[in-house]
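The values are calculated or read from the model by the stated rules, or taken from the named source; none is laboratory data. Just so you know, these numbers come straight off a predicted model, no measurement behind them. Glycine gets a Cβ as well: all are built from the backbone with ideal geometry, and neighbour counts include every protein chain shown.
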Amino acid sequence: MESRQSGRATALGVLAIVLWSTTVALARSLTEQVGVLTAAASIYLAAGVLGCAAAVVRGRGLARFRGLPLRYWAGCGGLFVFYTVALYLAIGLAAGRQQVVEVGILNYLWPGLTLALSVPLVGNRARPWLGAGILVGFAGGALALLQGGSFAWEELRANLGQNVLPYALGAAAAVAWALYSNLSRRWAGARGGQAVPVFLLAAGLVLGGMRLARPEASAWTARAALELAYMSVFPTLAAYTFWDAAMRRGRMTLVAALSYLTPLLSTLASCVYLGVAAGPGLWLAAAMVVGGAVVCKASIVEGPEVGGGARAGRPPGVPGESRI
């Protein structure tokens with residue numbers, strides 16, 4: 001039974017990767033029409049309300065949100081909200097569609113970071129070449145900052161000086177999501193309960209408050225409404241729920257390995273949907289991020305507690321947390 005549940009959770013994690021590959025492109029298109037904070041707040045409020053309502057309609061009500069430790073609610077919830085705000089601000093504040101693609105590549109440093117952080121956080125073991133994988137991945141992220149694909153430090157400094165905030169937010173989002181993925185495994189594991197709808201709603205409320213404090217001009221069209229509906233249901237409510245299940249109960253390292261394709265899929269989707277011409281330097285950056293993550297995967301040896309069992313979320317020696 002455990003094996004079947006682990007296989008199902010793993011499959012859901014793979015589906016989340018496919019759905020997330022469309023996030024950057026559609027999020028940028030929507031923010032261009034209605035504004036950064038308006039788009040982000042609308043997506044997450046809609047997804048949160050739908051998720052919480054679905055739990056009630058299915059007859060589980062508050063029971064669906066019980067059984068999870070306080071540290072998971074506070075720690076993972078805070079990381080989830082931070083990741084959401086950082087990513088959407090990075091996408092929306094990018095100077096142009098070309099920079100959106102570059103910021104997206106920086107954000108997709110999270111697969112390698114997830115595996116690297118699994119060593120101290122969930123008890124995996126690392127082979128000596130883990131550091132090389134991390135360096136290759138970060139080199140790819142640095143190359144993404146060079147819009148023309150040049151290795152000239154003068155160009156890098158110029159790009160950073162013109163609009164550094166989106167890059168910083170994209171990188172911070174990658175770190176936050178890697179921490180979230182590991183800590184959800186450590187603190188919640190195979191326990192029952194599902195907090196993602198609440199996390200989505202909390203993120204929407206934070207973004208909504210930011211929107212009220214900073215009014216934006218919005219032009220709602222049929223296209224914007226369709227993009228909002230798609231973003232709320234698929235890359236947001238469904239994908240985040242699927243990923244949480246995969247990290248807590250599925251084969252974490254396998255899903256993380258398959259997520260290495262996300263930078264390439266996302267870059268392709270962004271170039272097609274946004275009409276961006278990706279030069280060889282941009283594709284090289286994406287390939288380096290993927291390659292670095294692959295090396296990280298090859299250097300990780302799963303600890304005995306990782307595998308979706310009943311105690312998969314609690315490393316040896318970690319006492320049980322209080323529940324709410």
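Within the stretch 237-247, can one find any residue that is in contact with a helix residue (DSSP H, G or I) (Cβ under 6 Å, 6 or more places away or on another chain), modelled with pLDDT of 95 or more and farther than 30 Å from Lys297 by Cβ? Checked the stretch 237-247: no residue is in contact with a helix residue (DSSP H, G or I) (Cβ under 6 Å, 6 or more places away or on another chain), modelled with pLDDT of 95 or more and farther than 30 Å from Lys297 by Cβ. Is there any pair with a first residue in the stretch 205-221 that is of a type in the set (Gly, Ala, Ser) and a second that is assigned to a loop (DSSP other than H, G, I, E, B) whose Cβ atoms are under 7 Å apart and which are 6 or more apart or on different chains, and what are they? Once the first residue is of a type in the set (Gly, Ala, Ser) and sits in the stretch 205-221, its partners that are assigned to a loop (DSSP other than H, G, I, E, B) give Ala217/Gly35; Ser218/Gly35.
Scanning the stretch 155-181 for residues that are assigned to a helix (DSSP H, G or I) and either modelled with pLDDT under 55 or among the polar types (S, T, N, Q) (or both) turns up Glu155, Leu156, Asn159, Gln162, Ser181.
Residues that are among the aromatic types (Phe, Trp, Tyr) and surrounded by 14 or more Cβ atoms within 10 Å (Cβ to Cβ) were ranked within the stretch 179-234; the one that is farthest from Met247 (Cα to Cα) is Tyr230. What about Val276, is it within 24 Å of Tyr72 (Cα to Cα) and in contact with a helix residue (DSSP H, G or I) (Cβ under 8 Å, 6 or more places away or on another chain)? Criteria not met by Val276. Return yes or no: is Leu135 assigned to a helix (DSSP H, G or I) and within 30 Å of Glu302 (Cβ to Cβ)? Judged against the criteria, Leu135 is a match. When Gly123, Gly141 are checked against the criterion of being in contact (Cβ under 8 Å) with a residue 24 or more places away in the chain and under 30 Å from Val34 (Cβ atoms), a single residue qualifies: Gly141.
Applying the criterion of at least 2 residues that are under 15 Å from Arg8 (Cα atoms) and out of contact with any Asp or Glu (no Cβ under 6 Å at 6 or more places or on another chain) to the helices (runs of 4 or more DSSP H) found wholly in the stretch 223-282 leaves 239-249, 252-258.
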